[in-house]
Amino acid sequence: MNRSLVYTLVVACLIVVVSACGEGKRKSSRTDTATSGAIAFASDESFSPIIEENREVFEHDRPQAHLTPLYMSEGEGMELLMKDSVQLLITARKFHPAEEQDFNDRTFYPKAIPFAYDAMALIINRNNKDSCITLNDVRRVLSGEVKKWGDINPGSKLGDIEVVFDNNRSAMVRYCVDSVLQGKQFGENVVAAKTSAAVIDYVEKTPNAIGVIGSNWLNDKRDTTNTTFKKNITVMSVSKKDKATVTNSWKPFQGYMLDGRYPKELVRTLYALLNDPYNGLPWAFAHFLDSPKGQLIIFKAGLLPRQGEISVRDVKITQ
């Protein structure tokens, strides 16, 4: 046999062997499949109620699968995803072009799967009677242009407005700056309480506070119709008009999010951001969120699912 041909065949075999070894080594760090194994994934803390409900059903249907959610800020979760420390992040934005390019350069080919719509909900102390607010005043309060309750309602005696968010790197903070304030910064009256639960607790104890949380935190589990909210706080109604009244202001119910009565500027899309070229458990859970069963869980939790037909009917009640 020609020596040059032998040499070519040997080199080709070595390339195949090395590639196979490299492939095996790369796969050895991931033992999960779409139905089994154990993985951790990241999620913005504000989505923990809806993610927990989906995770429990997902694991029940797949007894050999174990998911550990890491609830943190959106910023922290994205850092883990970019480092390939986790392969799934649940948050309220898509990949930025630079992030996609970074993944593509590493042949990961990320995906952003939209699966639900959540509303930015404003909550106040239940003793505060100023429960209606205009979208314009929401912006003015967040930017610090309006600092006192009397600037919204001249008859109010509550004094300064305190605005409380969950975390200064959360999906809600980023969404408010980017989409609601359109790049403007918060006023000095805005503070962070670390978690959504802490926001609710703070508002419950503070008469002059406004809390900003995701609407998936609001549903009272005793109400299977998703038409009431937690009883320890009041959810503000928001109007798109110049003056807010009881008849032109709306709370973040599913129906009002769907038909546009609740301002679209306060409704955000939830995404499962994937960096999982092996289509293992992160891939499977992300697609479960967008599956019929996952979408039904989302609907029952009070959020708007991305898929499925939802009809809204006006009902006249007579006594």
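Close Cβ contacts (under 9 Å, 6 or more residues apart or on different chains) running from residues in the stretch 140-153 that are without any contact (Cβ under 8 Å) to a residue 60 or more places away in the chain and open to solvent by 60 Å² or more (accessible area, probe 1.4 Å) to residues that are of a type in the set (A, V, I, L, M) and part of a helix (DSSP H, G or I) comprise 147/141; 151/141. Scanning the stretch 47-66 for residues that are more than 20 Å from residue 196 (Cβ to Cβ) and part of a helix (DSSP H, G or I) yields 57, 58, 59, 60, 61. Got at least one residue in the stretch 54-62 being at pLDDT 95 or above and touching a Ser or Thr at 6+ places or on another chain (Cβ under 8 Å)? Yes, the stretch 54-62 contains at least one residue that is at pLDDT 95 or above and touching a Ser or Thr at 6+ places or on another chain (Cβ under 8 Å). Under the condition of being more than 10 Å from residue 189 (Cβ to Cβ) and of a type in the set (Gly, Ala, Ser), the residues counted in the stretch 133-162 number 4.
To keep it simple, each residue is scored yes or no on (1) open to solvent by less than 60 Å² (accessible area, probe 1.4 Å); (2) out of contact with any Pro (no Cβ under 9 Å at 6 or more places or on another chain).
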{"residue": "41", "(1), (2)": "yes, no"}
{"residue": "45", "(1), (2)": "yes, yes"}
{"residue": "54", "(1), (2)": "yes, yes"}
{"residue": "61", "(1), (2)": "no, yes"}
{"residue": "74", "(1), (2)": "yes, yes"}
{"residue": "131", "(1), (2)": "yes, yes"}
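Within the stretch 231-243, is there a residue that is open to solvent by 30 Å² or more (accessible area, probe 1.4 Å), part of a loop (DSSP other than H, G, I, E, B), within 26 Å of residue 300 (Cβ to Cβ) and of a type outside the set (Val, Ile, Thr)? Yes, some residue in the stretch 231-243 is open to solvent by 30 Å² or more (accessible area, probe 1.4 Å), part of a loop (DSSP other than H, G, I, E, B), within 26 Å of residue 300 (Cβ to Cβ) and of a type outside the set (Val, Ile, Thr). If you go through the stretch 140-175 and keep only what is within 23 Å of the chain's Cα centre (by Cα), basic (Lys, Arg) and modelled with pLDDT under 90, you end up with just 169.
The values are calculated or read from the model by the stated rules, or taken from the named source; none is laboratory data. These numbers come from a predicted model, not from an experiment. Methodologically, a virtual Cβ is constructed for each residue, glycine included, from the backbone with ideal geometry; neighbour enumeration extends over all protein chains shown. The accessibility values were calculated without ligands, DNA or RNA, using every heavy atom of the protein model including side chains. Shrake-Rupley method; radii C 1.70, N 1.55, O 1.52, S 1.80 Å.
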